[in-house]
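**Student:** Quick one: this structure, given as structure tokens, is what I'll be asking you about.
The values are calculated or read from the model by the stated rules, or taken from the named source; none is laboratory data. Predicted model, so just to flag it, every value in this text is computed and none were measured. Cβ coordinates were reconstructed from backbone atoms using ideal geometry, including for glycine residues, and neighbour counts include every protein chain displayed. We work out accessible area using only protein heavy atoms, side chains counted, and drop any ligands, DNA or RNA first. Shrake-Rupley method; radii C 1.70, N 1.55, O 1.52, S 1.80 Å.
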Amino acid sequence: AAVASSSPGVAAVAAVPPGKGLVSGRASHGVALPGCGVVSCCVFASSFGLSYKLLLYALAVGGAVVVEDQPDVSAVLSAYNQQGDPTLYEEYYSGLKHFIECSLDCHRAELSQLFYPLFVHMYLELVYNQHESEAKSFFERFHGDQECYYQDDLRVLSSLTKKEHMKGNETMLDFRTSKFVLRISRDSYQLLKRHLQEKQNNQIWNIVQEHLYIDIFDGMPRSKQQIDAMVGSLAGEAKREANKAKVFFGLLKEPEFDVPLDDEDEEGENEEGKPKKKKPKKDSVGSKNKKQDPNAPPQNRIPLPELKDSDKLDKVMNMKEAARRVRLGPECLPSICFYTFLNAYQGLTAVDITDDSSMIVGGFADSTVRVWSVTPKKLRSVKTAADLSLIDKESDDVLERIMDEKTASELKILYGHSGPVYGTSFSPDRNYLLSCSEDGTVRLWSLQTFTCLVGYKGHNYPVWDTQFSPYGYYFVSGGHDRVARLWATDHYQPLRIFAGHLADVTCTRFHPNSNYIATGSADRTVRLWDVLNGNCVRIFTGHKGPIHALAFSPNGRFLATGATDGRVLLWDIGHGLMVGELKGHTDTIYALRFSRDGEILASGSMDNTVRLWDAVKAFEDLETDDFTTATGHINLPENSQDLLLGTYMTKSTPVVHLHFTRRNLLLAAGAYSSQ
């Protein structure tokens, strides 16, 4: 659905007629997608109460919401009207706390999950009913008991001390509109229910029924360690249903074409038997992807742009490079080449490197985008129209002739944004560059002319990240308005809006088959979205801080995520389960990248280190039996130290970006900080 908004307060949601969903690369006759009709709904909001973000969230949760005037925002809060005696709240809470702490070990860990959501709702209920002194005393008495990873949320909560503060406060409204999810075994739940009914503790029982979603499972209760691995997000854990949908995580079949003989290249290496040498290489390339991956999506599930001749040439180059690729492993670690941005007083905020490692781009806080050539070949612009008309279009080197030598330089600066640039992404064919900024726009730049071609306006707030699809044409952006948007380069409106996160979308990544998009958010969850229909097909909880890095394994089966909590979590996409945790970094992880064949995972962090992890070992012997999948009981081995292959310190340079070249050399980038 496309959201057009005239002012932050008023949003209208337009319907997309069925079949007018994603449009193919050829604008003239688009390929329509089946079943992309969106129910039309209109949303009106008073320009004070409910913010634009909440509207999008409300749409995600419940379809059409009509909010006509301020009192109706109170309807969202009205559940807090059924109040008990304010002086007894502390007694209720401490009574429950005493009961849980005295229960059997096997139940205690599970029931302890209730402390935080109950604490928040009881506090908000007191504030809403204007018992300010009781609320303050309740907060002071019990806020120290909450888990350390809720500190940031509690800081926001402590500033809500009057009923007026609650209107229009997003954190507050999120807590109200999304039920906090707890996963508890049936035995523990029965125990809790019996206790609350015996005590006639209706206040707490009302909150449990009104505001919490208890996902009950049969079987053994989970241990403290199992629970700790999965909790910590803004809305509790994901419901088990959320991760049950089928995901086509396999790779698409590569198109087959002949690899032309490159004479000079071969002569240098092998005087005789040129064709012989080339034949097997071609076969191996073809045969690798001849079999259709059983987990792959249908080839035409979403329309992808057709390969141009230049793309085919690039693929051939890629295959040649791949033939010389170093096979990495615990015994053979990659060399790391670190690009340090010195004197980056403009404030380096984003980096990207082209797939063939020929160019590097930096986004800066002074709103510029700077592109460098990292090969001896300088960057050149196309000649002016007058000069181009003089060129012989038929000549073999026409692509060389159209470039203007007078413009050759190592660095090009692109001006256009009016705020810090937070994300940059090169197109796979290296003709275009995307940048997104605090100014709310995503810009598409031509790398032929080094000028801006389009400014995409859809986000009303800062855009934190953007990324091209591995096939080009489509790209994704995510921002402060809590939604991710899917765009096509030739459409100025987004094709899909992915709404569901409860806080900023901080990072975005395309799956290697381009059918799915992963988004990481400040609500401490990672979501996987289906590009075809816009549905959320996976919700991964477990990080204890905002997520800043995502990486899919080259085979498409796994996802690695990094956050401000300094942990790298590994996820099995097919089963929707966490399968590993890599501990070692001491600060936010900003960069994650798998080597070209997926043997090694590299992570880069604000702690000024690059760490290499054994990905093969991390993913082997995964016990994804039916029980684990059904209950989500995961047993994470404490094996971070066995998987860590190396730690590489920089002098004082936080690592912002990592990239494996086609031959598996690891490139890293960051800006030197003197303090």
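**Student:** Given the C-alpha centroids of the range 353-407 and the range 208-230, what is the distance between them in whole angstrom?
**Tutor:** The two parts, judged by their Cα centres, are 57 Å apart.
**Student:** Could you give the distance between the Cα centres of the range 641-675 and the range 424-502, to the whole Å?
**Tutor:** Going from one Cα centre to the other spans 26 Å.
**Student:** How large is ³J(HN,Hα) for each residue in the range 469-475, as worked out from phi by the Karplus curve 6.51 cos²θ - 1.76 cosθ + 1.60 (θ = phi - 60°), to whole Hz, x for Gly and Pro?
**Tutor:** 5, x, 9, x, 6, 8, 8
**Student:** Sort Lys179, Lys651 from largest to smallest accessible area, using a 1.4 Å probe on the heavy atoms of the protein chains.
**Tutor:** The most accessible residue leads, giving Lys651, Lys179.
**Student:** Could you pull out every residue, at least 5 positions away or on a different chain, whose amide H is within less than 5 Å of the one on Leu577? Hs are placed 1.01 Å off N in the peptide plane, and Pro or chain starts have none.
**Tutor:** Under 5 Å from the amide H of Leu577: Asp572.
**Student:** Is the shape of the range 84-237 rounded, prolate or oblate, going by the alpha carbon gyration tensor and its root eigenvalues a ≥ b ≥ c, with a/c under 1.5 for rounded and a/b larger than b/c for prolate?
**Tutor:** prolate
**Student:** Per residue and in Å³, how big is the convex hull formed by the alpha-carbon atoms of the range 94-142? Intermediate values should be presented prior to the final figure.
**Tutor:** Values: hull volume 3.0 nm³, N = 49.
Per residue, the Cα convex hull of the range 94-142 comes to 61 Å³.
**Student:** Quick check for the range 84-237: number of Lys pairs with alpha-carbon distance under 29 Å, counting only pairs 8 or more apart or on different chains?
**Tutor:** 21
**Student:** Sticking with this structure for a sec: Would you kindly compute the Cα radius of gyration of the range 323-362 and its largest Cα-Cα separation (Dmax), both in Å?
**Tutor:** Both quantities, over Cα of the range 323-362: 14.4, 41 Å.
**Student:** Any chance you could look up the accessible area of His480 with a 1.4 Å probe, heavy atoms only, rounded to 10 Å²?
**Tutor:** Rounded to the nearest 10, that gives 50 Å².
**Student:** Right, here's the next one. HN-Hα J couplings of the range 441-457 from phi, Karplus 6.51/-1.76/1.60, θ = phi - 60°, integer Hz, Gly and Pro as x?
**Tutor:** Taking θ as phi minus 60°, the curve returns 10, 10, 10, 10, 10, 8, 8, 8, 10, 6, 10, 7, 8, 8, x, 8, 10 Hz for the range 441-457.
**Student:** Hey, can you grab everything whose amide H is under 5 Å from the amide H of Arg482? Only 5+ residues off in sequence or another chain; H modelled, so Pro and N-termini drop out.
**Tutor:** For Arg482, whose amide H was placed from the backbone, the distant partners under 5 Å are Val505.
**Student:** Taking Cα atoms of the range 551-610, Rg/Rh with Kirkwood Rh, to two decimals?
**Tutor:** Values: Rg = 11.2 Å, Rh = 11.6 Å.
Here Rg/Rh amounts to 0.97.
**Student:** In Å³ and rounded to a whole number, note down the convex hull volume per residue for the Cα atoms of the range 310-392.
**Tutor:** Working: hull volume 15.1 nm³, N = 83.
Hull volume over Cα atoms, normalised by residue count, gives 182 Å³.
**Student:** Show me 126-138, 101-113, 181-193 ranked by packing, highest mean number of other Cβ atoms within 10 Å first. Each step should come with its number before you reach the end.
**Tutor:** Details: 126-138: 17.9, 101-113: 16.2, 181-193: 19.6.
The packing order, highest mean first, is 181-193, 126-138, 101-113.
**Student:** How would Val656, Val483 line up by accessible area, probe 1.4 Å, largest first?
**Tutor:** Ranking Val656, Val483 by accessible area, largest first, yields Val656, Val483.
**Student:** On a 1.4 Å probe surface of the protein chains, which of Thr650, Thr354, Thr586 comes out largest in accessible area, and what is the full order?
**Tutor:** Numbers: Thr650 25, Thr354 0, Thr586 115 Å².
Correct descending sequence by accessible area is Thr586, Thr650, Thr354.
**Student:** Determine how large the accessible area of Arg527 is when every protein chain is in place; take a 1.4 Å probe and give Å² rounded to the nearest 10.
**Tutor:** 40 Å²
**Student:** In addition: Show me, for the range 654-664, the HN-Hα J-couplings you get by feeding each phi into the Karplus relation (A = 6.51, B = -1.76, C = 1.60, θ = phi - 60°), rounded to Hz, glycine and proline as x.
**Tutor:** x, 8, 9, 8, 10, 7, 8, 6, 5, 9, 6
**Student:** For Lys412, what accessible surface area do you get with a 1.4 Å probe? Give it in Å², rounded to 10.
**Tutor:** My reading of the accessible area for Lys412 is about 30 Å².
**Student:** Using modelled backbone amide H atoms (1.01 Å from N, in-plane), which distant-in-sequence or interchain residues come within less than 5 Å of Leu304's amide H?
**Tutor:** The list, which skips near neighbours in sequence, is empty: none.
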